[in-house]
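In what follows, a structure is listed as structure tokens, so that the remarks can point back to it.
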Amino acid sequence: MIRFPTYESCTLCPRMCRIDRSRKTGYCGCTDQLKAARAALHKWEEPCLSGPEWARGGSGTVFFSGCTLKCCFCQNYPISSEQFGKELNSNELADIFLRLEDQGAYNINLVTPTQFLPSILPALDQVRSRLSIPIVYNCGGYERPEIVEYLKDYVDIWLPDLKYHDSALSARLSNCGNYFEAASRAIYQMILQTGAPVFEEHAPEEPSQPSFLLMKKGVILRHMVLPGHRDDSIALMEWVSRELPKGQYLLSLLSQYTPFYHSCDHPDINRRITSYEYQKVVDAALSLGLTEGFIQEKSSAKEEYTPPFDLKGL
Ligand code: SF4
């Protein structure tokens, strides 16, 4: 087990900047000051995290500022690349977690947390014994396996992206030539840690409504199909089916890509995906036996998936 990295000589993510964040910012754009842009119930995660549309609760998302990837098409770019957010301390973050549970959160969903782990872990330490809902680690997949291993007593559900197979593509769109090498190792470690997905029945919230299943433990692997790059998506599906242990994770194939931020600098991704492109990737996944998980309606390519970053709940 590694000694957990601190903000001094930061090695929290595979960028390994080794800079002192009390003095300057690394690639993620963050100092050692914890910042977040929103803490609120979110209805648009996978149904086993957000509950059905008609349910009262939702996923208790906390969106942290900064990002270790900063993809050129990021839908959250005001917080990931422009550092929008409110400064918090760990005690305030602990109170936010408790308030989210009181509001009906089915889980605490840490969105892009890696760059602030030294501030987030003390907050979780304060409230873990009082929270009765799982902790979700919602990240871009670009993680160090050693850090994933360290987090095994903190994280119940891993929600990583698996964005690219091709390193030239990841270098161009996310400034990250070693994305697949790092993400594939980290995701393997996440699956080893949690084992097969575990669900629990959530009792009806109104007498007229049915009960529903919520995830308590496991890995949901997300892949968003990019316009013009279905071959890369299919290469990822082949790797997933070949290398990841069957029955030990769920796959979530997203069709919601919408050009944002610097997408317009890259003509190949400056449009939404077509139904044909998405269906080709879904067909490939199914033919490879990847049948456990979620697919999205093509009409899901809407900007409503991006919540307003208005400091709500902070
Ligand atoms: S968290 Fe930020 S400063 Fe630390 S290694 Fe990653 S990009 Fe660099």
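Just a few scattered comments:
- For beta carbons closer than 7 Å, sequence separation of 6+ or different chains, a first residue in the stretch 16-33 that is closer than 19 Å to Asn178 by Cβ and a second that is of a type in the set (S, T, N, Q) and not in a loop (DSSP other than H, G, I, E, B), the qualifying pairs are Cys28/Gln115.
- Residues of the stretch 233-260 satisfying the condition of being in contact with a Lys or Arg (Cβ under 9 Å, 6 or more places away or on another chain) and either of a type outside the set (Gly, Ala, Ser) or closer than 24 Å to Pro78 by Cβ (or both): Ile234, Leu236, Leu251, Leu253, Leu254, Ser255, Gln256, Tyr257, Thr258, Pro259
- Condition check for Leu124: among the aliphatic types (A, V, I, L, M), surrounded by fewer than 24 Cβ atoms within 10 Å (Cβ to Cβ) and either touching a strand residue (DSSP E or B) at 6+ places or on another chain (Cβ under 8 Å) or assigned to a loop (DSSP other than H, G, I, E, B) (or both): yes
- The residues listed here are Ser233, Ser208, Ser287; of these, the one that is at pLDDT below 95 and either of a type in the set (Ser, Thr, Tyr) or farther than 27 Å from Ile96 by Cβ (or both) is Ser208.
- Sole residue being over 24 Å from Tyr257 (Cβ atoms), among the β-branched types (Val, Ile, Thr) and surrounded by fewer than 23 Cβ atoms within 10 Å (Cβ to Cβ), chosen from Ile79, Ile108, Ile19: Ile19
- Complete set of residues in the stretch 26-49 that are within 16 Å of the ligand (Cβ to nearest atom) and among the basic types (Lys, Arg): Lys35
- Set side by side, the residues Phe84, Phe97, Phe116, Phe73 differ, and just one is touching a helix residue (DSSP H, G or I) at 6+ places or on another chain (Cβ under 8 Å) and closer than 16 Å to Thr61 by Cα, which is Phe97.
- When residues of the stretch 185-215 are limited to those that are closer than 17 Å to Pro14 by Cα and in contact with a helix residue (DSSP H, G or I) (Cβ under 7 Å, 6 or more places away or on another chain), the one surrounded by the most Cβ atoms within 10 Å (Cβ to Cβ): Met190
- Evaluated against (1) modelled with pLDDT of 95 or more; (2) in contact with a helix residue (DSSP H, G or I) (Cβ under 7 Å, 6 or more places away or on another chain), Arg23 falls short on exactly one condition, (2).
- Residues in the stretch 176-223 that are assigned to a loop (DSSP other than H, G, I, E, B), closer than 23 Å to Glu45 by Cβ and of a type outside the set (Gly, Ala, Ser): Pro197, Pro204, Glu205, Glu206, Gln209, Pro210.
The values are calculated or read from the model by the stated rules, or taken from the named source; none is laboratory data. No experiment lies behind these values; they were computed from the predicted model shown. Note that we place each Cβ from the backbone using ideal geometry, even for glycine, and neighbour counts take in every protein chain shown.
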